[in-house]
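The values are calculated or read from the model by the stated rules, or taken from the named source; none is laboratory data. Treat the numbers as computed from the prediction; the structure is a model and nothing was measured. Note that each Cβ is placed from the backbone with ideal geometry, even for glycine, and that neighbours are counted across all protein chains shown.
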Amino acid sequence: MKRNAWLLLSVLLCGCDQPAPQSYAGLGQQAGEFSQVTRDHRLAFPQDHGPHDGFRIEWWYVTANLKDAQGRDWGAQWTLFRSALRPGPETTDWNSPNLWMGHAALTGPGGHQSGETLARGGIGQAGVQAQPFRAWIDDWSLQGRGSIENLRMVAGGDGFRYDLQLHSDHPLVLHGEQGYSEKSGKGQASYYYSQPFYQVQGHIQRGSQCIAVTGQAWLDREWSSQPLASGQTGWDWFSLHLDSGAKLMLFQVREARGDAYRAGTWVGPQGEVVALDAAQIQLQAQAWSAQKNGKKVPTRWRVQVPGHGVDVQVDAVEPQAWMQTRFPYWEGPVRLSGSAGGRGYLEMTGY
Amino acid sequence: MRLLSLALMALLSHWRRHRVQCLSIFTGLWLATALWTGVQALNSQARSDYARASAVLAGPLQAQLLPRTGERFDQGLYVQLRRLGWAVSPVLEGRLRLPGEPAHSVRLIGIEPLSLSPASSIAGVQLQAFDLQAFIGTPGQAWVGPDTLRQLSANPAQRARDSEGQLLPPLVLQPALAPGVMVVDIGHAQALLHASGQLSRLLLAGAPGPLPADIAPFLELQTQQDDGGLQRLTDSFHLNLTALGLLAFIVGLFIAHAAIGLALEQRRGLIRNLRASGISLKTLLYALLLELGLFAVLGGLAGVASGYALAAWLLPDVAASLRGLYGAQVAGTLSLPAWWWLLGVLVSVFGALLAGLGSVMRAARLPLLALAQPQAWRLAQGPWLRRQALIAGLLLLLALGCGVFGASLPSAFAMLAGLLLAAALLLPGMLDRVLAWLARRCQRPLAQWFVADSRQQLPALSLALMALLLALAASVGVGSMTEGFRKTFVGWLGQRLSADLYVTPRDTAQGLQIVEWLEQQPAASVVLPGWRVDIQLQGWPVQVQGIVDHSVYRTRWPLLEQQPHAWQRLARGQAVMLSEQLARRLKLQLGDNLKLPANTSPALPVVGIYADYGNPKGHVLANAGWLRENWPQATLTGLSVDLAAERVPALKVALQRHFALDDSRVVEQARLKRWSTDVFNRTFAATAALNSLTLGVAGVALFINLLTLGQSRLGQLAPLWALGVRRMQLVWLGLGQTLMLSSLTVLMAIPLGLLLAWCLVAVVNVQAFGWRLPLYVFPVQLLQLAMLGLFTSLLASAWPLWQLARRQPRELLRPFADEA
């Protein structure tokens, strides 16, 4: 899950560009008249691929681990956030309750490039439609062909661009209890499902150089009105493709006081899903890198899920993967070594 | 150091005995600085407001996309461009009319903060630092500057209503926002301006390529061009103010110069003593310069304070005329930084140096043994007069050169300055000649003394008389020009505004509906729609107006020059007419061809030239059909309706009810005329005020000079008294002398003023505004000014003479005792 979204938008809306701890309190705001996430709700597709009026925050999030012909690792990120100023249906004018924010990044040999764009809802500049599936903001798009199993993912920014084809023949993965994903142990939760089995091929472009790539991608879909509790300061999130074909999603939400809240999902190579709780997960930051702005973030982790025989070291492919967006955070591809090989993505906020 | 302070103390002791002289130097510097800084404050305030207005949307915005036709376009084009990767941000602009009498309006700017480039700032507020949710949410925010807030007589957070009764978002004060501007979210702007789904322009931060083929027919790229348009339009207005300020500055310096020179003359003995006591020339010069600096700083401080008061007093008038003439919004209160006012003190120091350096230099070269006698001084003035005449001759040549070869406003002002200064420099010589001629005519001893003594006073009074000459001539010149302009303008306005009702439709579609509706009204005898398109010709903003063919134009549209069948040719779309100022700017004459920048329009001959007073933009008159053919985006901007006077109110009400038009959109002739003359009057209010202030300064100069002179004249008057002339008679003689000198000055000031008036209407106005006015002479006005000049000098001489009348015989005897 991409918890940073709410933070980003709440920060944007509150007119504060300092990622100071107090701004995280915005995430714990009472959801008020917005729709609430409930444990007994069942997700329905394809409707749930589309936006959910009434919920405060929602995102479509794709991360792709890619390799070029020379065997070099690349990472691509495509994100669209929806944030509602108030509950209510979408309109067809500027009065729309929705704000949209897109983030895109390309990470690879020699650095990390990112772009950001914002749009108002209502006028057609950005939006998502469930069937046929289509998500867009400006000239970035995630366009389904037939269904969400076949996507074309396009985005770009200053000096980079990518155009990737995604294909999966595996079922969707519902996290937590049938898509009800708890975040704090105090009732805060979101609806959360993924498609972690995409196979990717396409082109990336850096400067004037166009490179053919192949790899794997992971789509995350999540929506809520109040996913975090007050007192939670930031998070570390992992989406890992193991060489065995299994997928592993883990996150911890760090608390200002006390232990972090941890949870995860083990997805077998055929798509069988096992929810993981805090007791089954160990996460340990091992090495830190200073980013361009002086912030230090852990770019080497030891990740253990003993129940599934996982004890791996997770290293950032490019330790300098700082997203210089309005609300900055770290997001980039990682490599696994240890009990299992593999690749994946890591997101860290609140540092 | 000790010697320096001793010398300084000795020099300063002079002022204890000559307080009036001290006051006059101070006054001169004070007035000079006050008028100069006051005028400059007005100009700077206005310019900083123009800059604020053009910087409402500041940021790395290099270019914008504008609609090819009409004023607005569908926001679908914006979405389409964004989806193609264009970094554009939408803006909707319009005038929002606000209730009140007189009705006023603000420039409503609707912006979309999310798509603006992150480095942008809006009205000085960094994009990342404002409350986005409050701004774009409901009820939103309406940003206004302090001046607009005052105009609305509202408080922040209050919700005002517009003239249609629509509720505005709560007002938020943004101190850096230009006056007359209101910034809201684009959604709120669309609602308030009834422009749902419409945009005015797109700010462009980056384009991935040329405009796509399906968008190019609707939008065109305009790269960043002169955003100083307002500044350029108003330049001539400010130059006029500057010229007046400079004149006042010079007059003030004249006072200071005269007083400093006199003080030096009187301190000759003291300086001789100081030198004889061993004070070196260098130390003495330092002391004199220090003394001058002290005056400058004190005068400067007082001047800056008064300059501030003066500017604050004149600003509302200046702001009103700038608004009326150019649509420029200038705040009604001063808000210039403190350092700006400190510059005023520097100006005073500079002025003091200018006024006093000559005297200090003269002190350095002073022959120590020369007698400090007025007659000696007068004799010493001989070569000085010849030198002055030489300089005056050179200045006249310069003025002539500027008049013949100059083609710009600064050269026109240089010509004026040359002329005025030359006249001022020639004045003492001419007065001397006249008095010499009079002296030869006089037979009686007292009459001979009267003239000879006047000649002897001349050197001391000459600077004050020069100041009087300048001020009077400027008054005559500016007064004649203003009155002449008023006469021409009112006549012209009467012809131009002869329809009974003027209607401003909301847009072209409504305009066409109104025309149709009016044509069915039996009351309306003539309905004339006016089409308009705004273009640029040689970088100058030009309005092209399209009119339908109707005989009323032949009487209503007075032409300065025309070719045969001018109106018929215009009606056939085969010719155009130009405003006088545009014809001058483009250097076009009757019969020349004008090519307008439209895709298809051929060059058309100019068949008429008309006056278009008060319009800072160029104006072209063309046939409406021809205009709409060549510019499909031309809009119907106004309608004029002729009807019987008694039916005006009824038709007005019917129009307003039928088309939901407020009072500001349907205007009767009388109100429009009143508004126009009001603008006109306010335009010259500041000029007139500055002008009378300058005359006042000249009066003060004369007064102070006579005062200082009065104290030293005992030596001249005592022998006469001893010979049996009574004190009262002496007083009358003194009064006569002053009157004679000032009458002669006034006599010279009047032709000079008329010459100045001619320069103003025939040279300066042409350069500044592009129109030439006929020169009118107003004898009553001249007489008034002459009387004012004489009265000023009488008033100035009254106090010294009254003192003389009260002199004790004992005092009159003292000169003889001193000589003995």
For A:Tyr191, are the conditions met, namely being touching a strand residue (DSSP E or B) at 6+ places or on another chain (Cβ under 9 Å), under 30 Å from A:Val128 (Cα atoms) and either in contact (Cβ under 8 Å) with a residue 24 or more places away in the chain or of a type in the set (Gly, Ala, Ser) (or both)? yes
Considering each residue of region B:163-173, count those that are at pLDDT 85 or above and away from chain A (no Cβ under 14 Å), and give that number. 6
Residue in region A:233-254 that is small (Gly, Ala, Ser) and in contact with an Asp or Glu (Cβ under 6 Å, 6 or more places away or on another chain) present: no
Taking region A:286-308 and keeping residues assigned to a strand (DSSP E or B) and of a type in the set (D, E, K, R) leaves A:Lys296, A:Arg300, A:Arg302
Going by the structure shown, is B:Ala460 part of a helix (DSSP H, G or I) and within 17 Å of B:Arg386 (Cα to Cα)? yes
Out of curiosity, is B:Gly625 in a helix (DSSP H, G or I) and closer than 20 Å to B:Gln513 by Cα? yes
Pick from region B:561-616, criterion assigned to a loop (DSSP other than H, G, I, E, B) and of a type in the set (Asp, Glu), ranking: farthest from B:Ser408 (Cα to Cα): B:Asp592
What single numbered condition from (1) modelled with pLDDT of 90 or more; (2) under 28 Å from A:Pro87 (Cβ atoms); (3) more than 9 Å from chain A (Cβ to nearest Cβ) fails to hold for B:Leu77? (2)
Consider A:Lys67 against the criteria (1) within 14 Å of chain B (Cβ to nearest Cβ); (2) under 26 Å from A:Phe197 (Cα atoms): it satisfies all of them except one. Which criterion is unmet? (1)
Could you please let me know if A:Gly157 is farther than 20 Å from A:Asp48 by Cβ, touching a His at 6+ places or on another chain (Cβ under 9 Å) and within 14 Å of another protein chain (Cβ to nearest Cβ)? no
When you go through (1) part of a strand (DSSP E or B); (2) away from chain B (no Cβ under 14 Å); (3) surrounded by fewer than 16 Cβ atoms within 10 Å (Cβ to Cβ) one by one for A:Pro171, which number turns out not to apply? (1)
If I filter region A:110-133 down to residues being surrounded by fewer than 21 Cβ atoms within 10 Å (Cβ to Cβ) and closer than 16 Å to B:Gln80 by Cβ, which single residue comes out as nearest to the other protein chains (Cβ to nearest Cβ)? A:Gly124
A:Gln284 - would you say it is touching a strand residue (DSSP E or B) at 6+ places or on another chain (Cβ under 7 Å), at pLDDT below 95 and within 18 Å of A:Ser239 (Cα to Cα)? yes
Go through region B:199-213 and give me each residue that's within 11 Å of chain A (Cβ to nearest Cβ) and buried (at least 21 other Cβ atoms within 10 Å of the Cβ). B:Leu199
Do we find a residue being surrounded by fewer than 24 Cβ atoms within 10 Å (Cβ to Cβ), touching a strand residue (DSSP E or B) at 6+ places or on another chain (Cβ under 7 Å), part of a loop (DSSP other than H, G, I, E, B) and among the charged types (D, E, K, R) anywhere in region A:73-85? no
I'd like the residue in region B:275-300 that is part of a helix (DSSP H, G or I) and either of a type outside the set (A, V, I, L, M, F, W, C) or outside the structural domain of B:Ile25 (by TED's automatic domain parsing) (or both) and, out of all such residues, is modelled with the lowest pLDDT. B:Arg275
In region B:511-520, anything surrounded by fewer than 17 Cβ atoms within 10 Å (Cβ to Cβ) and in contact (Cβ under 8 Å) with a residue 60 or more places away in the chain is listed as B:Leu512, B:Gln513, B:Trp517
Is there any pair linking a residue in region B:294-318 that is among the acidic types (Asp, Glu) to one that is buried (at least 22 other Cβ atoms within 10 Å of the Cβ) and modelled with pLDDT under 85, with Cβ under 6 Å and at least six apart or on different chains, and which? B:Asp317/B:Ala686
Hey, does region A:309-332 have a residue that's assigned to a strand (DSSP E or B) and basic (Lys, Arg)? no
How many of the residues making up region B:602-615 are buried (at least 17 other Cβ atoms within 10 Å of the Cβ) and either hydrophobic (A, V, I, L, M, F, W, C) or modelled with pLDDT under 85 (or both)? 9
Would you be able to say whether some residue in region B:253-269 is touching a His at 6+ places or on another chain (Cβ under 6 Å) and either over 30 Å from B:Leu695 (Cα atoms) or assigned to a helix (DSSP H, G or I) (or both)? yes
If you take the residues of region A:90-109 that are farther than 27 Å from A:Arg335 by Cβ and aliphatic (A, V, I, L, M), which of them is nearest to the other protein chains (Cβ to nearest Cβ)? A:Leu99
Subset of region B:142-160, residues loosely packed, with under 13 Cβ neighbours inside 10 Å and under 16 Å from B:Ala191 (Cβ atoms), comes to B:Arg159
